[in-house]
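These notes concern the structure reproduced below.
The values are calculated or read from the model by the stated rules, or taken from the named source; none is laboratory data. Treat the numbers as computed from the prediction; the structure is a model and nothing was measured. Neighbour counts run over all protein chains shown; Cβ positions are idealised from the backbone, glycine included. Only protein heavy atoms, including side chains, enter the accessible area calculation; ligands, DNA and RNA are left aside. Shrake-Rupley method; radii C 1.70, N 1.55, O 1.52, S 1.80 Å.
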Amino acid sequence: MNARALDGLDRLLALNYEDLDGWEADAADSLDDLERAEIEADDRALRDLLTVWNAIDEPTPQITAADLVGLAQDPVVVPVAKSPVRHRRRKDAAAPGWAPLAALAACLAVLVFGAYQLKLNAPPADVRMKALTPTVPAAELDLQFSVETGAVVAAGQAGANLGAKDRLALRVDVVGDGGWLYLFEAVDGQEPVAIESRFVAAPGTVEIGGGQVWQPDTLAGETTYLAVMTSEEVDAANVLVAGILSAAERPDRWPRPVLAADWFAVHWE
């Protein structure tokens, strides 16, 4: 027993009849014989326990669970008789039982454990940021052309038929990182011709040939114009062109230094 418990016991033993509020007598009168017998049995057990306790000379008596055997285990509900002329003391809210508190503690423990597991298994912050950030290509190319026929200039159309009086004006829009920019003219069965080769340090529009118009030396039917951005300077143009056009829909299979590519084909007659 600690000092706090002994203080409560001293106050209990010091209660006198005049300390009652008045409603206690009505509550006792409303009990039936069975309820009264159970409460009186509990009172006798408590009185016997106090008698044994007072007989002990130790300054701090110890009570074990065995001393409480025989006491009621369930709370005894005492009906209170309603009386309009007597004041009753009551609490604003009933004290919570231990079962809801235990359930709440168990829920909190599950939540804390779950949060710990999520934190333990979560990827590093930089990995999460990379996962949330959309993948942006290192570079993108948009190869555009117009057709000049005498004094008439028209927007180019892929697959168009062109003749001896037509000239091409070519430009490439570069998006993203810079690199080595090449423009090739390729005809089946012939070595590709490099029309342009330069290093582009920043995104923007590149006018091929400084804005000059272009026509192939030989009007040899279907001709492909291919713009390529690479991460390093290359020499084997034929390998580069063949590697891209043979895997047109599979950029993952393009030669290693290629960052981006775009092309169109026309028919020279």
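Just to be sure I understand, how many residues within segment 235-253 are open to solvent by 40 Å² or more (accessible area, probe 1.4 Å) and not in a helix (DSSP H, G or I)?
Counting residues in segment 235-253 that are open to solvent by 40 Å² or more (accessible area, probe 1.4 Å) and not in a helix (DSSP H, G or I) gives 5.
Checking Leu259 against (1) surrounded by fewer than 13 Cβ atoms within 10 Å (Cβ to Cβ); (2) within 21 Å of Leu170 (Cβ to Cβ), which single condition isn't satisfied?
(1)
Within segment 194-217, track down each residue that is under 20 Å from Gly156 (Cβ atoms), open to solvent by 70 Å² or more (accessible area, probe 1.4 Å) and of a type outside the set (A, V, I, L, M, F, W, C).
Matches in segment 194-217: Thr205, Glu207, Gln212, Asp217.
For segment 145-181, name all the residues that are touching a helix residue (DSSP H, G or I) at 6+ places or on another chain (Cβ under 7 Å) and open to solvent by less than 20 Å² (accessible area, probe 1.4 Å).
Once the filter is applied, which keeps residues that are touching a helix residue (DSSP H, G or I) at 6+ places or on another chain (Cβ under 7 Å) and open to solvent by less than 20 Å² (accessible area, probe 1.4 Å), segment 145-181 yields Leu170, Val172.
Can you tell me which condition Leu162 does not meet? The list is (1) out of contact with any Leu (no Cβ under 9 Å at 6 or more places or on another chain); (2) more than 20 Å from Ala139 (Cβ to Cβ), and all the others hold.
Among (1) out of contact with any Leu (no Cβ under 9 Å at 6 or more places or on another chain); (2) more than 20 Å from Ala139 (Cβ to Cβ), Leu162 violates only (1).
Considering only segment 19-31, state which residues are in a loop (DSSP other than H, G, I, E, B) and open to solvent by 80 Å² or more (accessible area, probe 1.4 Å).
Filtering segment 19-31 for residues in a loop (DSSP other than H, G, I, E, B) gives 20-22, 30-31.
Result: Leu20, single match.
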